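Novice: A single structure is presented below for examination.
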Amino acid sequence: AVRLHFNSSCTAVVWMAINIFLFVWFYFLYDLGDRFFYTRHLLGSALAWARAPAAVLNFNCLLILLPVCRNLLSVVRGSFVCCGRTMRKQLDKNISFHKLVAYMIGLMTAVHIIAHLLNVERYYNSWHGEYDALSMALSRLNDSGNTTYLNPIRSTTTTPNLLVFTTIAGITGVIITLALILMITSSMEFIRRSYFEVFWFTHHLFIVFFAGLVIHGTWMWVIGPMVLYVCERLLRFIRYIQAVKYRKVRVHLIRPSKVLELQLVKNGFKMDVGQYVFLNCPAISQLEWHPFTMTSAPEEDFFSVHIRSVGDWTQKLISIVEQLPEGAQGPKMGVDGPFGTASEDVFDYEVAMLVGAGIGVTPFASILKSIWYKFKDSNPELRTRKIYFYWLCRETHAFEWFADLLQVLEREMEERGMGNFLTYKLYLTGWDQSHATHVMVHADADTDVVTGLKQKTNYGRPNWDKEFEQVCKENPTSVVGTFLCGPVVLATVLSKKCVKYTDVDPRKTKFYFNKENF
């Protein structure tokens, strides 16, 4: 687990090292280089403080689009034999890396702007002779042969504000900065969760941002990623116009919200367990695409998603579906994907711990269905020999749509004499007194009063130390993949438990933590 933690941090360390190197190299190049002696006399240390962050900005603007080229990452993740488990884990953190690069762009933009504001003031004062005679003389030099003037202020009527808002570099810099501020502020967690449309539309200012970068003079750094991203969007458009048919539409009344189950069919669509797709419904919005983990198995002739009503887009979609006549096709749906996730690697482990919170159970529905098909077909390639499944829900109704699958698996495993293959534990984290009374009355029943399963529902939250100790005891020499689709707080807890319970002896139990990221 220590090695895993090192590997997960390696990308960030290398990235930061490159940033530091670029900043230091260009700082001293402009601060000490003979080539910039006279410019440095005009501007002082602000020259180096403007150019060093500019170099870092060029590097990070080159990177910022790559983590959101989902199809490129999917090819790298799933198609290259050399792309091992460690590399795939780095690719699974693409959104986190995208945010990290954005923060660096924001920081370096602030330093770059402040330094340039000082530079403008120095240019203005030098032109008006407020420093030494050499500064004024250098400011008055005209073009000569292969050289250009040092001071962009060419007239006594030019003010610092006029210089900023009339030059190409100045006006594009202002536009780039405004677009960046709007994109970063609208990307805050609160905005994304509560006002997703604000985040979505504002984030498309990246078009203005990159157009400004090209005109600003950094085209050679960003043209390559821009071409890749344009290809990404073209592929998305091609997938968008491909016909998608509805095989089944069902709304599960799971209080306090609803869950919409869609079974869809699309020619040439192939998926793997745990993967996700982006859906677009033109009847709601032409531009909005939302990610949903597929709950179907690769062995099925359709793919399905379960969509919980948690925002404007999902509520509108469910409302449209509820108003459809019996047997009618749903609204036109664009599908982009599928794309790989951490859960895709579940069958690479001898033992797997699957932890889902609420609707976060969706990738594991796909995995458990696929296991059922593999056992049904006696698939010899199934490497996994033990699965521990944990599902945490606040409401009893949340178990309803998934209990049927668990009942089939429970019965199938018993019939095949493999009841020990799947250990599942359901946890109800919220209940009232009437429910508690109902449970006490039916405590001796053969099946659970909530799910109808033989495995009784647990109340409260899991004791993770106890669970990990049990897994270690039952699998003393195994490599255990721990997979989570749930909140960050739970991810922190489970990642620490993986480190804690990984034995220093390489021959004994080792835990590898994997989290779904969209």
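Novice: Out of curiosity, is Ser139 of a type in the set (Ser, Thr, Tyr), touching a residue at least 60 places away in the same chain (Cβ under 8 Å), crowded, with 18+ Cβ neighbours inside 10 Å and out of contact with any strand residue (DSSP E or B) (no Cβ under 7 Å at 6 or more places or on another chain)?
Specialist: On the way: of a type in the set (Ser, Thr, Tyr): yes; touching a residue at least 60 places away in the same chain (Cβ under 8 Å): yes; crowded, with 18+ Cβ neighbours inside 10 Å: yes; out of contact with any strand residue (DSSP E or B) (no Cβ under 7 Å at 6 or more places or on another chain): yes.
Yes; evaluated as a whole, the condition is true for this residue.
Novice: Report whether or not Val277 is open to solvent by less than 50 Å² (accessible area, probe 1.4 Å), part of a strand (DSSP E or B) and either within 20 Å of Trp200 (Cα to Cα) or acidic (Asp, Glu) (or both).
Specialist: Working: open to solvent by less than 50 Å² (accessible area, probe 1.4 Å): yes; part of a strand (DSSP E or B): yes; either within 20 Å of Trp200 (Cα to Cα) or acidic (Asp, Glu) (or both): yes.
The answer is yes for Val277.
Novice: On to the next question. Looking at Lys316, Lys332 in this structure, which one is basic (Lys, Arg), open to solvent by 10 Å² or more (accessible area, probe 1.4 Å), assigned by the TED database to the domain that holds Leu279 and part of a loop (DSSP other than H, G, I, E, B)?
Specialist: On the way: Lys316 fails: part of a loop (DSSP other than H, G, I, E, B).
Only one candidate qualifies: Lys332.
Novice: Now for a different question. Does Val265 satisfy the condition of being assigned by the TED database to the domain that holds His306, at pLDDT 90 or above, of a type in the set (Val, Ile, Thr) and open to solvent by less than 40 Å² (accessible area, probe 1.4 Å)?
Specialist: Numbers: assigned by the TED database to the domain that holds His306: yes; at pLDDT 90 or above: yes; of a type in the set (Val, Ile, Thr): yes; open to solvent by less than 40 Å² (accessible area, probe 1.4 Å): no.
Taking the combined requirement at face value, the residue does not satisfy it.
Novice: How many residues does segment 454-503 hold that are basic (Lys, Arg), surrounded by fewer than 16 Cβ atoms within 10 Å (Cβ to Cβ) and modelled with pLDDT under 85?
Specialist: 1
Novice: Turning to a different aspect of this structure: Output the residue which, of all residues in segment 348-398 that are over 29 Å from the mean Cα position of the chain (by Cα) and of a type in the set (Phe, Trp, Tyr), is modelled with the lowest pLDDT.
Specialist: Among residues in segment 348-398 that are over 29 Å from the mean Cα position of the chain (by Cα) and of a type in the set (Phe, Trp, Tyr), the one modelled with the lowest pLDDT is Phe375.
Novice: Taking only segment 18-54 into account, find how many residues are within 21 Å of Thr147 (Cβ to Cβ), of a type in the set (A, V, I, L, M, F, W, C) and touching a residue at least 40 places away in the same chain (Cβ under 8 Å).
Specialist: Summing the residues that are within 21 Å of Thr147 (Cβ to Cβ), of a type in the set (A, V, I, L, M, F, W, C) and touching a residue at least 40 places away in the same chain (Cβ under 8 Å) in segment 18-54 gives 4.
Novice: Sticking with this structure for a sec: When segment 100-133 is examined, which residues are found to be open to solvent by less than 70 Å² (accessible area, probe 1.4 Å), touching a Phe, Trp or Tyr at 6+ places or on another chain (Cβ under 9 Å) and free of Cβ contacts under 8 Å to residues at least 24 places away in the same chain?
Specialist: Correct list: Asn125 only.
Novice: Taking the condition of being assigned to a loop (DSSP other than H, G, I, E, B) and either surrounded by 21 or more Cβ atoms within 10 Å (Cβ to Cβ) or modelled with pLDDT of 85 or more (or both), how many residues in segment 505-515 meet it? If you could, list the steps in order and put the result at the bottom.
Specialist: Here is the first cut: in segment 505-515, the residues assigned to a loop (DSSP other than H, G, I, E, B) are 505-509.
Still in the list and also either surrounded by 21 or more Cβ atoms within 10 Å (Cβ to Cβ) or modelled with pLDDT of 85 or more (or both): 508-509.
Count: 2.
Novice: List the pairs whose first member sits in segment 64-83 and is at pLDDT below 85, whose second member is surrounded by fewer than 16 Cβ atoms within 10 Å (Cβ to Cβ) and of a type in the set (S, T, N, Q), and whose Cβ atoms are under 7 Å apart, counting only residues at least 6 apart or on separate chains?
Specialist: none
Novice: Out of the residues in segment 107-163 that are among the aromatic types (Phe, Trp, Tyr) and part of a loop (DSSP other than H, G, I, E, B), state the one that is nearest to Val56 (Cα to Cα).
Specialist: Quick first cut of segment 107-163, residues among the aromatic types (Phe, Trp, Tyr) only: 123-124, 127, 131, 149.
So of that shortlist, the ones also part of a loop (DSSP other than H, G, I, E, B) come out as 131, 149.
Values: Tyr131: 31, Tyr149: 26 Å.
Among them, the one singled out is Tyr149.
Novice: What pairs come out if I take residues in segment 302-318 that are free of Cβ contacts under 8 Å to residues at least 60 places away in the same chain and more than 12 Å from Glu261 (Cβ to Cβ) and pair them with residues that are of a type in the set (D, E, K, R) and not in a helix (DSSP H, G or I) whose C-beta lies under 7 Å away, six or more apart or interchain?
Specialist: Ser309/Lys258; Thr314/Arg308
Novice: Return the residues of segment 178-199 that are open to solvent by 30 Å² or more (accessible area, probe 1.4 Å) and farther than 20 Å from Glu288 by Cα; say none if nothing qualifies.
Specialist: Within segment 178-199, Leu178, Ile181 qualify.
Novice: Going through segment 331-366 one residue at a time, which ones are in contact with a Ser or Thr (Cβ under 9 Å, 6 or more places away or on another chain), under 22 Å from Asn71 (Cα atoms) and among the aliphatic types (A, V, I, L, M)?
Specialist: Selection gives Val346 alone.
Novice: Whether any residue in segment 248-260 is assigned to a loop (DSSP other than H, G, I, E, B) and on the phi > 0 side of the Ramachandran plot is what I want to check. Break it down stepwise before answering.
Specialist: We begin by selecting, within segment 248-260, every residue assigned to a loop (DSSP other than H, G, I, E, B); these are 253-258.
Now restrict to residues that are on the phi > 0 side of the Ramachandran plot: none.
No, segment 248-260 contains no residue that is assigned to a loop (DSSP other than H, G, I, E, B) and on the phi > 0 side of the Ramachandran plot.
The values are calculated or read from the model by the stated rules, or taken from the named source; none is laboratory data. Worth saying up front: this structure is predicted, and the values here are computed from it rather than measured. A quick note on method: Cβ atoms are made from the backbone with ideal geometry, for glycine too, and the neighbour counts reach across all protein chains shown. With ligands, DNA and RNA removed, areas are computed over all heavy atoms of the protein, side chains included. Shrake-Rupley method; radii C 1.70, N 1.55, O 1.52, S 1.80 Å.
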